[in-house]
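Below: the structure, in structure tokens.
The values are calculated or read from the model by the stated rules, or taken from the named source; none is laboratory data. Everything numeric in this text was worked out from a predicted model, so none of it was measured. Every residue, glycine among them, receives a Cβ derived from its backbone with ideal geometry; neighbour counts consider all protein chains shown.
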Amino acid sequence: MAEINRAVKGTNDILPDKSYKYRFVEEKMLETAALYGFREIRVPVFEHTEVFSRNVGEDTDVVQKEMYTFEDKGGRSITLRPELTAGVVRSVIENGVIAGALPAKVCYIGGCYRYEKPQAGRLREFHQFGVECFGAQCPSADAEIIALARQILLTLGVKDISLKINSIGCEKCRSDYVNALRDYFSKYKSDLCGTCNDRLDRNPLRILDCKSPVCSEIAAKAPVITDYLCDDCKAHFSSVKENLTAQGILFEVDPHIVRGLDYYTKTVFEFVSGDIGAQSTVCGGGRYDGLVSKMGGKDTPALGFGLGIERLMLLLEKTGATLPEDKKCVLYVAAMDDKSQIAAGKICSLVRNEGYEALCDLCGRGLKSQLKYADKIGAKYSIVLGENELNSGKVVIKNMKTGNTHECDIGDIPDKITDLNLKEALVSLEDSVLGNG
């Protein structure tokens, strides 16, 4: 019975004292993506299992070990999305988005579900911000996607983060590379973990992504994909690097980056930080030029990235990035009797119509307790409303912080609150400009 009253392992409640920070970060990401022409798309939290099993990669840990899959009442195999790209591709094909003007640019925020060991920055239910761009094959598109990810991180105050890039080639040149990997790893069959031995025949590229210390050490000396790129892929990667350099974006070529999903081609990249422990990748993405056609659409180049929001919030906290304070109650109306309570509700309604948070008592508290509550929630202004105020038609608005008071007619309260807030904002701006804050 005790389990019922606890969150499921690997999930997390985001309470009001933190949720406003998440909302701020999410809005900033959407606003920044809009500067690059990306518009929000929302797709279902679950899909037919084949959307992921066939397209994410049957040999990936995601498909083999981590998916939440169940049979619905119609006997269909359904999976909670472990990532968003495959579902977004399904959507743009089904709804004809890529049949319109290209490139088509979409962005999203949504929850993902993977059954894996919970750790800092990665839960079984986690959330991602991501972008997908369809119909752009030029290397400049790769650079733009990377630049967008970088601008989002910088806008949010992330510091000391590095960009690592690689090219994993196309289907043509990767075939030779896979053969070279198979030859190399075959020498270490007795040392590889059981999972990597299974991967050796099916997809040795996945061994490069193994988290086992032994396998990682062996993989560190494996052949690198950049030595096997065809002329087209070499030219594409070279142009991506030129574009990044032209935009002043520093990067490191890391030939061991392959990403954890099978649909990637050519450019792959990661933004990493040393401030959040082993889970150092904050954002990752790249090209997946073959995924749209594989899922039944017309041959369409595509690329994008995903950014883990929980991991990002952890990084912002660790590095002391400044996020705005939550908005406080602007006006608290304390009522002295039943008649005043009715009037207090009306006043709050009028003030809310002006876009300000206004509260009054809902618990039957006495006047002293109401004012104590107003102070506890950080209300900016308060009004005491009783028989004298109702008879005279006048109230005193008190600044809870400074103690300053302002008398006004009851009917003028919304305008007076607006006026006081405007003056306070102007003073705050002046102090900021003059360095007095």
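For the reader, a short list of remarks on this structure follows.
- Note on region 400-426: residues that are assigned to a helix (DSSP H, G or I) and of a type in the set (Lys, Arg) total 2.
- Pick from region 148-177, criterion surrounded by fewer than 18 Cβ atoms within 10 Å (Cβ to Cβ) and not charged (D, E, K, R), ranking: modelled with the lowest pLDDT: Ser175
- Looking at Lys211, Lys266, just one residue is among the charged types (D, E, K, R) and touching a strand residue (DSSP E or B) at 6+ places or on another chain (Cβ under 8 Å), and that residue is Lys266.
- Matching residues in region 7-28 - criterion: being over 13 Å from the mean Cα position of the chain (by Cα) and charged (D, E, K, R): Lys9, Asp13, Asp17, Lys18
- Of all residues making up region 220-245, the number that are among the hydrophobic types (A, V, I, L, M, F, W, C), over 13 Å from Lys266 (Cα atoms) and assigned to a helix (DSSP H, G or I): 1
- Verdict on Ala143 being more than 26 Å from Lys9 (Cβ to Cβ) and in contact (Cβ under 8 Å) with a residue 60 or more places away in the chain: yes
- Counting only residues that are touching a Ser or Thr at 6+ places or on another chain (Cβ under 7 Å) and within 17 Å of Ala149 (Cβ to Cβ), region 221-257 holds 3 of them.
- Test: residue in region 388-398 that is surrounded by 13 or more Cβ atoms within 10 Å (Cβ to Cβ), in contact with a Phe, Trp or Tyr (Cβ under 6 Å, 6 or more places away or on another chain) and under 30 Å from Arg23 (Cα atoms): no
- Check on Tyr184, out of contact with any Phe, Trp or Tyr (no Cβ under 8 Å at 6 or more places or on another chain), more than 19 Å from Asp61 (Cβ to Cβ), part of a helix (DSSP H, G or I) and not assigned by TED's automatic domain parsing to the domain that holds Ala302: yes
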